[in-house]
1. Give me the helices (runs of 4 or more DSSP H) completely within segment 264-339, filtered to those with at least 2 residues that are surrounded by fewer than 18 Cβ atoms within 10 Å (Cβ to Cβ), ordered by residue number.
2. I'm told Ser105 meets every condition in (1) farther than 19 Å from Ile304 by Cβ; (2) within 15 Å of the ligand (Cβ to nearest atom); (3) in contact (Cβ under 8 Å) with a residue 12 or more places away in the chain except one. Can you identify the failing condition by its number?
3. So how many residues does segment 34-53 have that are within 12 Å of Tyr296 (Cα to Cα) and more than 16 Å from the ligand (Cβ to nearest atom)?
4. Can you spot a residue in segment 169-185 that is outside any loop (DSSP other than H, G, I, E, B) and closer than 21 Å to Ile305 by Cβ?
5. How many residues does segment 48-75 contain that are in a helix (DSSP H, G or I) and either buried (at least 24 other Cβ atoms within 10 Å of the Cβ) or over 16 Å from the mean Cα position of the chain (by Cα) (or both)?
6. Which pairs do you get when a residue that is touching a residue at least 40 places away in the same chain (Cβ under 8 Å) and at negative phi, found in segment 68-79, comes within reach of a residue that is more than 15 Å from the ligand (Cβ to nearest atom) and of a type in the set (Val, Ile, Thr), reach meaning Cβ atoms under 7 angstrom, with the pair 6+ apart or on two chains?
7. Of all residues being among the β-branched types (Val, Ile, Thr) and in contact with a Cys (Cβ under 9 Å, 6 or more places away or on another chain) in segment 1-40, which is nearest to Gly289 (Cα to Cα)? Just the residue, please.
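Coordinate-derived values only; no laboratory data. Note that the structure is a prediction, hence the values are computed from the model and not measured. All Cβ positions, glycine included, derive from the backbone under ideal geometry; neighbour counts span all protein chains shown.
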Amino acid sequence: MYQELVKRDDLDAVLIATPWNWHTPMALDSMRAGKYTGVEVPAAISMDECWALVNTHEETGVQCMMLENWSFRRDNLAILNMIRAGLLGEIMHAHCSYSHDCVGSYFFDGEGNPRWPGEFLVDNNRNQYPTHAQGPVLSWMDINCGDRYASLTAMATASKGINAYFARTKGPEHPTAKRPFKQGDVVTCLVRTQKGKTIVINCDMMLPRPYDNRWSVQGTLGIYNEQRNSVYIEGRSPQSHQWEPFDPYQTEFDHPWWTELEPEAAQAGHGGTDFVELKMFIKAVREKGPTPVDIYDSATMSSIIPLSEASIAQGGMPVECPDFTRGKWESTKPKFAVV
Ligand SMILES: NC(=O)c1ccc[n+]([C@@H]2O[C@H](COP(=O)([O-])OP(=O)(O)OC[C@H]3O[C@@H](n4cnc5c(N)ncnc54)[C@H](O)[C@@H]3O)[C@@H](O)[C@H]2O)c1
């Protein structure tokens, strides 16, 4: 039983990579046992779970981090450096997405039966997997350290993709080709921050398509677009109103985590991103310091799941986003990836 595991005194830290409904219960037990806790995405799937993570962290004083690897991606960290150097001006808007066709490969097994993640599609209509999209955006926009999510509105398309996939691959009489699912194919959330900035968070996992995160961030001086691998910066880009390649900026603004760890990271998962993430988590454990992603950011990113469900259920009505920091966002200084 994992409850026995987390109590072992020869362990300093616990990594949790179980189905989503186990993340928070296991993280709470791990924190209560005094172990540094790294929990896979999403850290929580309900608002009660988000608050339980925050409250247990504050009660125990134990560090807990959601393992949102895309926060550590090399290009995303270079963009963060550019933003902190002022190249894009004041950041006003971001777009992000988890666009990944997961019907045949993740939500269902080869026979068309739901695997554990597919069970959530039967009765829930929401952004099921919002954290990979948001990972870099939180630090780009100083969320929980200068600004905070204030309200969210969400809409979902009808549910067609799952039935269409199984009709196409198993025949129209296959039970999953006819089974009703509450989950819409594409969910679009729009967050407004306390300081009047906006973020589109898209979840697009049910229709045939190549993988994409569709990151873009825009400020008073310019814009970055991940799909184009391009930037435009007023007064710096060579031609007015024309994109220029991002690659020279990647070199100029590369984050020290990557320049230091590249030789070791090269062979690791997700282009080395997972290595950099775990290296920084383990550094925090060894030094008994704060984890690179804190519990407030972990709860904020995860809270899009219940918030989107509530808004969709009310026809896209705005819902209020909780302030997990209880006001500390106003005085907290940015700390993610500050070296
Ligand atoms: N960050 C990323 O890029 C990334 C990529 C893939 C998966 N994930 C996340 O990792 C988690 C696991 O995903 P997966 O695809 O490896 O799932 P999986 O089904 O392949 O593995 C889940 C594991 O959890 C174990 N498990 C289930 N219930 C348990 C319990 N009560 N106690 C102990 N062990 C239990 C299972 O035996 C299994 O080994 C998910 O939360 C997923 O979202 C993240």
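1. On the way: elements: 273-287, 295-302, 304-313.
Qualifying helices (runs of 4 or more DSSP H): 273-287, 304-313.
2. (3)
3. Here the count works out to 2.
4. Step one: of segment 169-185, the residues outside any loop (DSSP other than H, G, I, E, B) are 169-170, 175-178.
If we keep only those that are closer than 21 Å to Ile305 by Cβ as well, we get none.
For segment 169-185, residues outside any loop (DSSP other than H, G, I, E, B) and closer than 21 Å to Ile305 by Cβ: absent.
5. As a first pass, look at segment 48-75 and keep what is in a helix (DSSP H, G or I): 48-60, 69-72, 74-75.
Still in the list and also either buried (at least 24 other Cβ atoms within 10 Å of the Cβ) or over 16 Å from the mean Cα position of the chain (by Cα) (or both): 48-60, 71-72.
Residues that pass the stated criteria total 15.
6. Qualifying pairs under 7 Å: Ile79/Val217.
7. Pass one, segment 1-40, residues among the β-branched types (Val, Ile, Thr): 6, 14, 16, 18, 24, 37, 39.
The next check asks that each one be in contact with a Cys (Cβ under 9 Å, 6 or more places away or on another chain); those that pass are 24, 37, 39.
Values: Thr24: 22, Thr37: 13, Val39: 17 Å.
Step by step, filter segment 1-40, then rank; the result is Thr37.
Here is a yes/no grid of residues against (1) surrounded by fewer than 24 Cβ atoms within 10 Å (Cβ to Cβ); (2) within 16 Å of the ligand (Cβ to nearest atom); (3) closer than 21 Å to Thr325 by Cβ; (4) acidic (Asp, Glu):
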residue: Gly112; (1), (2), (3), (4): yes, no, no, no
residue: Gly118; (1), (2), (3), (4): yes, yes, no, no
residue: Asn124; (1), (2), (3), (4): yes, yes, no, no
residue: Pro130; (1), (2), (3), (4): no, yes, yes, no
residue: Ser139; (1), (2), (3), (4): no, no, yes, no
